[in-house]
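Working notes, beginning with the structure itself.
The values are calculated or read from the model by the stated rules, or taken from the named source; none is laboratory data. These numbers come from a predicted model, not from an experiment. Cβ: placed from backbone, ideal geometry, glycine included. Neighbour counts: every protein chain shown. Protein only, heavy atoms only, side chains kept; ligands, DNA and RNA dropped before computing areas. Shrake-Rupley method; radii C 1.70, N 1.55, O 1.52, S 1.80 Å.
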Amino acid sequence: MIRSAREGIPDDAVNLHASVVVLDAGAVMVRGAAGAGKTHLALALIEKWQEQGRFARLLADDQVFVMCRDGRLVARTPLATAGLAEIRGVGIVEMPYEPAARVDLVVDLAEEEGPDAPLSTVRIEAVDLPLLTLRHRDTAASCVSVAWALATIRAVPDGQNGEIMLALDNDLGLPSRRGRTT
């Protein structure tokens, strides 16, 4: 039986064309046109994080539901495609996934470079989020840029960012990833 994409999703959730990965305690949403390299970048980020012994998982590939919760954007996996990623030239593959996470960063993959400012802002479902615009299909450079942007966004005094992010997850009722690296 084919599952409905909206099964288990709150009524106020909006479906977006994007891939989302959970990196450490928050998520990165990757948007772009078909063939821009959303899935490729998402999987490369997962691989890079896991090589460093850090937590990284797919949340959604190509379609994701988002909603505003307590002033934060929360992404949820459509149950019909949970744990599935479509890799060009390979097909659909199964992989571990997270069902929901708070979005920390939005990456737009575009044909042209983004603005001179390293980060701008985008509003999604009444939530203002940092936006990083990168050249599509430039995965290696994009991984470096995403890592830099996340370090900048998540930086807090005294190196407490991991504990603060986990506390925010728990405030939203999301699963805690304390101590998990895979």
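Values as computed for the structure displayed
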{"read-out": "Within region 120-134, considering residues that are more than 23 Å from G35 (Cβ to Cβ) and open to solvent by less than 50 Å² (accessible area, probe 1.4 Å), the one modelled with the lowest pLDDT", "value": "S120"}
{"read-out": "Given (1) assigned to a strand (DSSP E or B); (2) under 16 Å from N15 (Cβ atoms), number of the condition A80 does not satisfy", "value": "(1)"}
{"read-out": "Single unsatisfied condition, G53 versus (1) over 20 Å from D138 (Cβ atoms); (2) of a type outside the set (S, T, N, Q); (3) touching a helix residue (DSSP H, G or I) at 6+ places or on another chain (Cβ under 8 Å); (4) not in a strand (DSSP E or B)", "value": "(3)"}
{"read-out": "Residue list for region 83-119, filter: in a strand (DSSP E or B) and either over 21 Å from A56 (Cα atoms) or open to solvent by 30 Å² or more (accessible area, probe 1.4 Å) (or both)", "value": "L84, E86, I87, G91, I92, V93, E94, Y97, D108, A110"}
{"read-out": "Enumeration of residues in region 96-126 that are closer than 23 Å to L73 by Cβ and over 15 Å from the mean Cα position of the chain (by Cα)", "value": "A110, G114, P115, A117, P118, L119, S120, T121, R123, E125, A126"}
{"read-out": "For A34: the one exception among (1) in a loop (DSSP other than H, G, I, E, B); (2) touching a residue at least 40 places away in the same chain (Cβ under 8 Å); (3) among the small types (G, A, S)", "value": "(2)"}
{"read-out": "Single residue of region 14-31 satisfying the filter (in a loop (DSSP other than H, G, I, E, B) and at pLDDT 95 or above) that is nearest to the chain's Cα centre (by Cα)", "value": "A18"}
